Each structure stands twice: as structure tokens, then as C-alpha cells.
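Heads up: the structure comes next, in C-alpha cells.
The values are calculated or read from the model by the stated rules, or taken from the named source; none is laboratory data. Since the structure is predicted, the reported quantities are computational estimates derived from the model, not experimental observations. Ideal geometry is used to build each Cβ from the backbone, glycine not excepted, and the neighbour counts take in all protein chains shown. All accessible areas refer to the heavy atoms of the entire protein, side chains included, with ligands and DNA or RNA removed. Shrake-Rupley method; radii C 1.70, N 1.55, O 1.52, S 1.80 Å.
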Amino acid sequence: MLDRVGVPRESKWRGLILYMRGIKDYDFLDNEQKEQIQALVVEVLKARDFSDDKFKEIIKANGRILSAPWNQALTRTLKETASLVQEFQETLFRHKGGVQQLESVTVEAVESGGDVERMLGTIRRGFKEMADMIERDAEKMVAMSLTDSLTGIHNRRAFDDHIAKAVAGSVATAQPLALFMCDIDHFKRFNDAHGHRIGDQALVVVGSILKGFAEEIKQLEDRDVFAARYGGEEFAVALADIAKEEAEELAEIIRSKIERYNFVIRDPDGQILAAGIKINVSIGVAELLTDCPSPGVDHLVDAADKALYLAKSSGRNQVRAYERPR
């Protein structure tokens, strides 16, 4: 085939094209990256430009595709860190004001003289109020560190902590643990068409639907469903004591909810610019003690990721369960 399209023999182009064509088998790449690299291969073979300049251009494009998720993750992490730093600074200023107020109350109580017990009671109340404020702020900081700042649901850090405990619990009790990975279809195309601000709104919508679904399951059936933003346009949902077949049904309910959602695009002033826009998701489902060669977090996530890839490669906007290789 390479001969037919004119790829020079014994050239660096052959090695590059063969590598890029085989990229679908690389597990560390996501579906979007694989599709983009395959598109690069098609571009090269159609253009039949095998010059050194074109080679350098393709290498750079390939590098950008490979590094894109890491750059996005770094940007997201920096934004979250900046938000936490700002909150921490505000907390310190509040504590500084509290300390100054406590000092003022203490000095006033001592200087006023009078009954010793009353004076000590005033000082104790001041210290208790200060301690309560510090405790509230500490709880708030912990909650912030485990919440995705954009969507308001759990973030990757919270998910990693939760899934590790959930896997350990499932192994210890032999109870099922299902996981599904949910990815917005053609999200890059959506961003390109509507802009990143609107893309952020789409992420918020999906996050809100997942959060609402988890709360509904908890309220109606007292079952734990843990939804988190895994990264970029990908979300993860862990379902304790739920086997794969039921998890597929629940995933289909979520997929359908998102598909039916009437997405409205508004300008910064709240005016509707467009309505009736649909966003779809693909979902891959796996179960810990059924689909994993060994019961571990990495194996479970990998199985769900493979199921997600199957959903996307089969046409998107669907739910697929993990299938063991034959």
C-alpha cells in the first residue's frame, strides 16, 4: 500500500506512517487522540508530499496531539490551584481579623476588672468562636480541594480516593462494583463551533445531570453512586453493590437524559442565542470482579475505558459493556 501511494522506500516516512497507523493499539491514548493521528495519516497519504519540511510539520502536529491532554490537565490544575490559593489567602485574612478581635476582647475583659469568672467566660467564648471559625474554614478547604471548580461535582482527586476505597471494599466483601466512563461525543467539534465558554456550559450540564442522578438514586434507593469529572470532557461514575447488567441500564438512563436535554446557548447577558442544540455522550461500563484480570483500580478503569472506546468506535451516543478479548 505504501508503494502504491509513492512513499519512498528505506525512508523515515515509512516508519512514521506505520507507527501512526498502529496508534489505535496504544492504550495510553484516548479516542480523540487516536482519531486525530489517523486523520494525519490520511492527510499525508492524500497529499503525497514526502519532503523534509512536511515530515517536520507532521512530527510537530503529532507532538501537539500527544501532549494536548497533558497541557489541558496542567491548565486545569493551575486554575484549581489558583482558586485554592485565593481562598486560602482570604481565609488567612479572616483568621487575622479573628485573632485581632480575640485580642481586643481579651484585653477589654482584663482591663474592665470585675468578677473573675465572668471575665474568664468572656475570654473562653472568644477562643471558642475563633476555634469554630478555623474548623469551618478547614472543612471548606478540604471540600474545595475535592470539587471540580467548573461543574461543581467531585474532581479527579476525589474520584481516585473514592475508587481506591470502593475497590478495597468490593474485594473484601465480594460485592459487585461497577464503573462507567462517560465521554461527550465530538466535544472538540462542539468547542470549535460554539467556543470554549459554551463548551464549559456543556460540561456543567453533563455534570449537573450526573450529580442529580446520583442524588436521586441515594434518595430513592439509598444506594451510593459516585460521579466525578475525570478530566477534560470525560466523567467517571462508580456504582457500589451494582453489577454490570444493572449498571448498563442506569448508564442508558443517563445517556438518554443527556440526549434529551435541550441545550440553550446564552450570551454573557443571559440572552438566548440558540436553542435546541443537543449534546450526546458515549458510555463504557465494566465490573470489578467480572472484567478485570486482577481486582485493582487500574484494571477496572482500563476495562471501562476499553468499553468506552468500543462505544465510540461503534458509532457513539450509546452504552457498551466491556467485552473480554477472544
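Checked against the criterion of being β-branched (V, I, T), at pLDDT 80 or above and surrounded by fewer than 16 Cβ atoms within 10 Å (Cβ to Cβ), the stretch 50-64 contains one or more residues that satisfy it. The set of residues in the stretch 188-202 being in contact with a strand residue (DSSP E or B) (Cβ under 8 Å, 6 or more places away or on another chain) and under 20 Å from I153 (Cβ atoms) consists of F190, I198, Q201, A202.
In this structure, A228 does not satisfy being in contact (Cβ under 8 Å) with a residue 24 or more places away in the chain, in a helix (DSSP H, G or I), crowded, with 22+ Cβ neighbours inside 10 Å and not hydroxyl-bearing (S, T, Y).
Please go through (1) under 29 Å from H299 (Cα atoms); (2) open to solvent by less than 30 Å² (accessible area, probe 1.4 Å); (3) of a type in the set (A, V, I, L, M, F, W, C) for L150 and return the number of the only condition it doesn't satisfy. All conditions pass for L150, except number (2).
Among the strands (runs of 3 or more DSSP E) confined to the stretch 236-326, the ones with at least 2 residues that are surrounded by 15 or more Cβ atoms within 10 Å (Cβ to Cβ) and in contact (Cβ under 8 Å) with a residue 12 or more places away in the chain are located at 263-266, 281-287, 319-321. Comparison of K188, K165 shows that the only residue that is assigned to a helix (DSSP H, G or I), open to solvent by 70 Å² or more (accessible area, probe 1.4 Å), out of contact with any Lys or Arg (no Cβ under 7 Å at 6 or more places or on another chain) and at pLDDT below 90 is K188.
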